[in-house]
Amino acid sequence: MAAAKIKKGDQVIVLSGKDKGKTGTVTASMPKDGKVIVGGINVATRHSKPTQGDPQGGLKRFEAPMHASKVAHVTADGKPTRVRFEMQDGKKVRIAVKTGEKIGG
């Protein structure tokens, strides 16, 4: 990815997979890997044995990273949109293609 179309704090909708149609907020973005972590989406479960550091053990649930192409920005009416970049006042800003509104300030 050349520029980060999806950043931390963005509202996104899942386009494919087991959580298709769900919306959430991006809690972490990994642009080098092209992955994002969305709160409450793509929850994975791991079994862990009790250790000294974690004497309880048991099932551990966490949000697994998912590919950035599986999510899209959400417009105000809850529909997915693509993102384009424009120069405004000498700054590069993100624009929602469907509505034309500026994303993230």
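The values are calculated or read from the model by the stated rules, or taken from the named source; none is laboratory data. Nothing here was measured: the structure is a model prediction, and the numbers come from that model. Backbone-built Cβ (ideal geometry, glycine too); neighbour counts: all protein chains shown. Note: areas computed on protein heavy atoms with side chains; ligands, DNA, RNA excluded. Shrake-Rupley method; radii C 1.70, N 1.55, O 1.52, S 1.80 Å.
List the equivalent ellipsoid semi-axes of the chain in whole Å, largest first, each obtained as the square root of 5λ for an eigenvalue λ of the Cα gyration tensor.
Working: eigenvalues 216, 46, 22 Å².
Listed largest to smallest, the semi-axes of the chain are 33, 15, 10 Å.
Once you keep just the Cα pairs under 8 angstrom separated by 6 or more residues, what percentage relative contact order results for region 1-76? Provide the component values of the computation, followed by the final result.
Values: 137 pairs, mean separation 24.3, N = 76.
The normalised contact order for region 1-76 reaches 32 percent.
Spin-label point model (7 Å from Cα, Cβ direction): what's the K98 to A64 distance in nm?
It works out to 2.8 nm between the two label points.
Could you tell me the calculated FRET efficiency between A4 and Q56, based on Cβ-Cβ distance and R0 = 41 angstrom, to the nearest 0.05?
Working: r = 38 Å, r/R0 = 0.91.
Approximately 0.65, to the nearest 0.05.
About the Cα centre of the chain, what is the dipole size in debye to 20, counting +1 per Lys and Arg Cβ and -1 per Asp and Glu Cβ, all else neutral? Please list the in-between numbers first.
Details: 21 positive and 9 negative charges, 46 e Å.
The dipole magnitude comes to about 220 debye.
Carbon-plus-sulfur fraction of the accessible area of region 13-74, 1.4 Å probe, in percent? Numbers along the way, then the final one.
On the way: 2100 of 3910 Å².
C and S fraction of accessible area: 54 percent.
By how many nm would the segment from V43 to S16 grow when fully extended, if each residue of separation counts as 0.36 nm and the alpha-carbon distance is taken off? Kindly include the intermediate steps, with their values, before the conclusion.
Values: separation 27, 0.36 × 27 = 9.72 nm, distance 1.46 nm.
My answer for the length gained is 8.3 nm.
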